[in-house]
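Working notes for the structure below.
The values are calculated or read from the model by the stated rules, or taken from the named source; none is laboratory data. Keep in mind the model is a prediction, meaning the values are calculated, not measured. No Cβ is skipped: glycine too gets one built from the backbone with ideal geometry, and neighbour counts run over all protein chains shown.
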Amino acid sequence: MIDWNRIEEKWRKKWQESKDFETNPNSKEKKFITVAYPYPNSPQHIGHGRTYTLADVHARFLRMKGYNVLFPMGFHYTGTPILGMAKRVQEGDKELIQNFRELYHVPEDKIKEFSEPVKIADYFHEEIKSGMIEMGYSIDWRREFTTIDPAYQKFIEWQINTLRKKNLIIQGSHPVGWCPKDQNPVSQHDTLGDVEPDFTEYILIKFRLEDYVIPTATLRPETIFGVTNLWVNPDIVYKKIKVDGENWIVSAECAHKLEYLDKKVTYEGEIKGSELCGKKVQVPHRNDPVIMLPASFVESHTGTGIVMSVPAHAPFDYQALQDLKNAKDVEKSLAKEIQKIEAISIIETEGFGNIPAKEAIDKLGIKDQKDSKLEEATKEIYGKEFYGGKLKQNTGQFAGKKVADAKDIVKNWLIKEKFAGILLELTNVPVRCRCGAECVVKILNNQWFLNYSDKLWKEKATKCLDGMSVLPQEIRPEFNYVIGWLRERACARQHGLGTKLPWDKDWIVESLSDSVIYMAYYIIVKFVNSNEIKPESLGPEFFDYVFLELGDSNTVSEKTKIQKEKIEQIRKEFLYFYPVDSRHSGRDLVPNHLTFFVLNHVAIFPEENWPQEIVVNGSVLMDGKKMSKSMGNIIPLRKAIRDYGADPIRLAIIISAELLQDADFNLESVSGIKHKLESLLEECSRLKPEKQGKLEPEDKWIKSKLQSAVSDLTSSIEKMRLREALHNILFSFESDLQWYMKRVNAKHRTDTLGILHEINSTRVAMLSPFAPHIAEEMWEKLGHAGMVSTSSWPQASEKIDGYAIQSEELLKSIIDDIANILKVTKITPQKITIYTADSFKSKAYHSILDKIMNGQTNMGIIMKDLIANKETEEIKKNPDFVQRTIKDILSEPTELRKTKLEILDFDEKELIASELSGLVKADFDVELQVFSESDPSKYDPKNKAKTARPFKPAILIE
RNA sequence: GCGGAAGUCGCCCAGCCCGGUCAAAGGCGUAAGGUUUAGGCCCUUAUCUCUUAGGGGUUCGUGGGUUCAAAUCCCACCUUCCGCACCA
């Protein structure tokens, strides 16, 4: 048993002492690798480890390739969840405190401090950082910071001011979920049950009743042309209110909602719903009276509590009308009016007749307006009409328009003509704030936005994206799509940790806006942390000069009191490290952070400093399931490291899935990998550098295999196909090595230590970005001086020995064939005889191979050509040979075909005679005889020799 | 609905871009053998199906098509997953 924790600690200490990961500009070419910094509101678990591990492998690989790699890390304190947590601690929230205690093992005295949000962040910051160190991430910790550090805030002030100067920040109104009690916006983590307030826009159509406006809320403004009546609930008491100078009648709930929607509301009186029934109102656009009728499906908390009735296209309306027509207890004069009402059809949809609502109701067998299937009917009709419907002639100027288009056109027309207004309403009511109050939608009038709608900005971002590498490729269209639909985005909020808006101190820069160009800050922060520059000296002129070379260093020095030389040095370091060469992140950040990262870079920096690459990875599942607190399947990273070691976890995460796929993590695979590494370590301990003697065929072969492994692996890593790469080092190469050992053992060789040492040294070097600790240990055991993490990446020399590859392939396939024959015949072999093909067959073979490589696979044509040639004409007696040879060749890798084409003087008989006997003896414990097909004195009792083909000798087993 | 991804031999998952290397890698599981006092770990072999000569048959969501040749290219359909915002 090996002590993983001890080995890992040993090497972590060495890395720390040697300061290998502290990166300063030098004469080498640089690579700047960054990964989205963590939000410290909980310890990190295995899932968090994925992105960082991928980035670390990337960084370590590039370092070995000879680049000067900067891989820094910061901590994102900005945001509201931590604030919410602190609030819950203050309130003594049992569940949360229990989580801290039992799930996160936070010491009791620390939990007490958690009523202060920064303490929570500080605690988990240290926790996460320790985990990162224990995972062996090659981070330059001199550049660590948090987003509430004074210097960082200076940087964010500069960023946000710069954006504003470019007119990319605008002010406007914006609806948010709102708690009326707390007087604060609410989002998912502020609500009971963690529901995200979700709202939608209703169109308020204003019908007139004498001096009053009767507003009805609808999602389908285009159906106004089919209105036949209104619905009121007779049991509701409605409010008479004054709204911006107009008299409205709406439900009490609606009046309450309106108060938050930027309307001035005064209460003037009440009226019963039943009193409204029978009254006639004016339709806004056509001066036509329609009657108000009672309906029980009308709810006071939805819309205005009064509904516009379009029986032709709305199943609820149609059914309510039918119910009324059939009702017995309706007053006579009213009943007469009701009987007169006919549905007005205004939309034509394929598959539906004149009154779609009726058809849907009949189809579902709906009996009355209380039937829950009405929802289904409504959905079906809405879907069909919206995407497939057209407005009919009776819609006037809108006739012929598709419903999908007409909806917005009619809406805008209604609003322009003052026939309608807007009502925003929560769709997932009730949403309750953690304080218990029911939330509403509020329009904030002085909200600040990043104007991501800006066309030129989008164009620039698209250009940047087009010039960038996006890994894996499949994700690229998603970025383009996001840039397309992005609109104004609020960039400030009223509470939470973060930086105040410099020009409006009531607002705090929102967390997805203060995390977009901070990679540039990694250059600065080194000087802040070393006390070379003070936060207070970081005025805008400093950043202007360092990042954009605006102004001159003399003036900047005067203003900031920073030495001119220092300023020049920082500018030079910025120029050296920027742009970002690769940004790693999870795919959940594609529609927000990663896209904003691109947008903000192009807004602020000149083209030469635009980002070069984005690498996106999927999430991590635990035994096929999503990790979640409630499922109890979260494994804290640090605990996993203690139990299994950092390297096995790193490998298990990487090997379980390719980049974009969700990685399924399970503990069995961790122990599997652990054992693999342990046996590799053992192997390395055995090997010493030793002089290599004369190379045997299998030596040449394995060396060639090693060469191709190096070049395959390198290109895999370059494409960030780390799973594939790791798989090659750990498993695929293993099977080549097994064959090699089999060959070596068959020959009873003892002189292979040197070669195995060379092979394993290369493997360990290639393993080192993935499993850095154990690779160092292996490297040391192999007797290398220095550390493998600072050694150079193995170079693939171009020497691939085609002859050796071909030879070993032949030997393997003969062994396979023998085993196959034995399996089928179940005989115990006494003696094996092999016959190699005649030389004219070889010529034919090459000729066929040549034709196939040129794309000709037609048997007839190939045959004709062969017969036409004197050297191969003999083949006409043996058409089966041609058929089979074509098949042989087609079932080979193209690589091997090329090799065979190049090598003409391949002596099968000689190879088999000298190399195969030992193998056959070892595997089957019998003697081997070899003849050529053309050998007149051959032993061939069963007349097998004639079936021999090149690379497919005939075999006789007795 | 819009946008994206995906359906492979018990399970997980490669291969698809660039058609022939594909009955299709690897891991897990299962079975047999070796090692071990025993178990675990480890090693070997097998793991769609038929076959007493290295061979054949049927497979890669479903149905078509292109091609000498399709898991791979094209079309249609079915199913599943993810994102759709002011939240990190």
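A few notes on this one:
- In the set (1) assigned by TED's automatic domain parsing to the domain that holds A:Gln153; (2) in a helix (DSSP H, G or I); (3) not aromatic (Phe, Trp, Tyr), the condition left unmet by A:Glu459 is number (1).
- Matching residues in region A:431-451 - criterion: being under 31 Å from the mean Cα position of the chain (by Cα), part of a loop (DSSP other than H, G, I, E, B) and surrounded by fewer than 21 Cβ atoms within 10 Å (Cβ to Cβ): none
- Hits in region A:785-802 - residues which are surrounded by fewer than 18 Cβ atoms within 10 Å (Cβ to Cβ), modelled with pLDDT of 90 or more and of a type outside the set (Gly, Ala, Ser): A:Thr790
- For region A:176-192, the condition of being in a helix (DSSP H, G or I), over 26 Å from A:Pro38 (Cβ atoms) and modelled with pLDDT under 95 holds for at least one residue.
- Verdict on A:Ser914 being in contact (Cβ under 8 Å) with a residue 12 or more places away in the chain and either out of contact with any His (no Cβ under 9 Å at 6 or more places or on another chain) or within 8 Å of RNA strand B (Cβ to nearest atom) (or both): no
- Count of region A:638-695 residues which are closer than 25 Å to A:Ser585 by Cβ and touching a residue at least 60 places away in the same chain (Cβ under 8 Å): 19
- Condition check for A:Thr828: in contact with a Leu (Cβ under 6 Å, 6 or more places away or on another chain), more than 8 Å from RNA strand B (Cβ to nearest atom) and assigned by TED's automatic domain parsing to the domain that holds A:Glu933: no
- Of the set (1) within 16 Å of RNA strand B (Cβ to nearest atom); (2) free of Cβ contacts under 8 Å to residues at least 40 places away in the same chain, all apply to A:Arg583 but (2).
- Checking A:His495 against (1) at pLDDT 90 or above; (2) in a loop (DSSP other than H, G, I, E, B), the condition it does not meet: (1)
- Of everything listed in (1) over 28 Å from the mean Cα position of the chain (by Cα); (2) in the same structural domain as A:Phe155 (by TED's automatic domain parsing), the single unmet condition for A:Gln494 is (2).
- Test: residue in region A:908-920 that is exposed (fewer than 14 other Cβ atoms within 10 Å of the Cβ) and of a type in the set (Lys, Arg): no
- Verdict on A:Lys460 being over 26 Å from A:Thr34 (Cβ atoms) and either out of contact with any Phe, Trp or Tyr (no Cβ under 8 Å at 6 or more places or on another chain) or crowded, with 18+ Cβ neighbours inside 10 Å (or both): no
- Residue in region A:930-950 that is part of a helix (DSSP H, G or I), farther than 21 Å from A:Pro829 by Cβ and either within 13 Å of RNA strand B (Cβ to nearest atom) or of a type in the set (Lys, Arg) (or both) present: yes
- Per-region count, region A:775-825, residues basic (Lys, Arg) and within 15 Å of RNA strand B (Cβ to nearest atom): 2
- One residue from A:Ser515, A:Ser511 being of a type in the set (Gly, Ala, Ser) and crowded, with 22+ Cβ neighbours inside 10 Å: A:Ser515
- Candidate set from region A:647-679 (those that are of a type in the set (Lys, Arg) and within 11 Å of RNA strand B (Cβ to nearest atom)); member that is surrounded by the most Cβ atoms within 10 Å (Cβ to Cβ): A:Lys674
- A:Gly131 meets all of the listed conditions (1) within 16 Å of RNA strand B (Cβ to nearest atom); (2) touching a residue at least 40 places away in the same chain (Cβ under 8 Å) but one, namely (1).
- Test for A:Glu376: is it without any contact (Cβ under 8 Å) to a residue 60 or more places away in the chain and within 36 Å of the chain's Cα centre (by Cα): yes
- Within region A:303-334, being of a type in the set (Ser, Thr, Tyr) and at pLDDT below 85 holds for one residue alone: A:Ser333.
- Residue check for A:Leu866: in a loop (DSSP other than H, G, I, E, B), among the aliphatic types (A, V, I, L, M) and at pLDDT below 80: no
- The residues listed here are A:Val283, A:Val237; of these, the one that is within 29 Å of A:Lys332 (Cβ to Cβ), touching a Pro at 6+ places or on another chain (Cβ under 8 Å) and among the aliphatic types (A, V, I, L, M) is A:Val283.
- Residues of region A:356-403 classified as surrounded by 14 or more Cβ atoms within 10 Å (Cβ to Cβ), of a type outside the set (Ser, Thr, Tyr) and more than 16 Å from RNA strand B (Cβ to nearest atom), total: 19
- Selection from region A:727-748 of residues that are assigned to a helix (DSSP H, G or I) and more than 10 Å from RNA strand B (Cβ to nearest atom): A:Ile729, A:Phe733, A:Asp736, A:Tyr740, A:Arg743, A:Val744, A:Asn745, A:Ala746
- For region A:394-413, the tally of residues that are touching a residue at least 60 places away in the same chain (Cβ under 8 Å) and in contact with a strand residue (DSSP E or B) (Cβ under 6 Å, 6 or more places away or on another chain) stands at 4.
- Test: residue in region A:282-295 that is under 30 Å from A:His174 (Cα atoms), out of contact with any helix residue (DSSP H, G or I) (no Cβ under 6 Å at 6 or more places or on another chain) and touching a residue at least 12 places away in the same chain (Cβ under 8 Å): yes
- Unmet requirement for A:Asn531, which otherwise passes all of (1) away from RNA strand B (no atom under 16 Å from the Cβ); (2) touching a residue at least 12 places away in the same chain (Cβ under 8 Å): (2)
- Selected residue (criterion: nearest to A:Phe75 (Cα to Cα)) from residues of region A:156-170 that are out of contact with any Asp or Glu (no Cβ under 9 Å at 6 or more places or on another chain) and in contact (Cβ under 8 Å) with a residue 60 or more places away in the chain: A:Glu157
- Scanning region A:128-140 for residues that are out of contact with any helix residue (DSSP H, G or I) (no Cβ under 7 Å at 6 or more places or on another chain) and either surrounded by 21 or more Cβ atoms within 10 Å (Cβ to Cβ) or outside any helix (DSSP H, G or I) (or both) yields a count of 2.
- The residue pairs whose first member lies in region A:816-833 and is closer than 10 Å to A:Glu958 by Cβ, whose second member is assigned to a loop (DSSP other than H, G, I, E, B) and of a type in the set (Phe, Trp, Tyr), and whose beta carbons are closer than 9 Å, counting only pairs six or more residues apart or on different chains, are A:Thr833/A:Tyr939.
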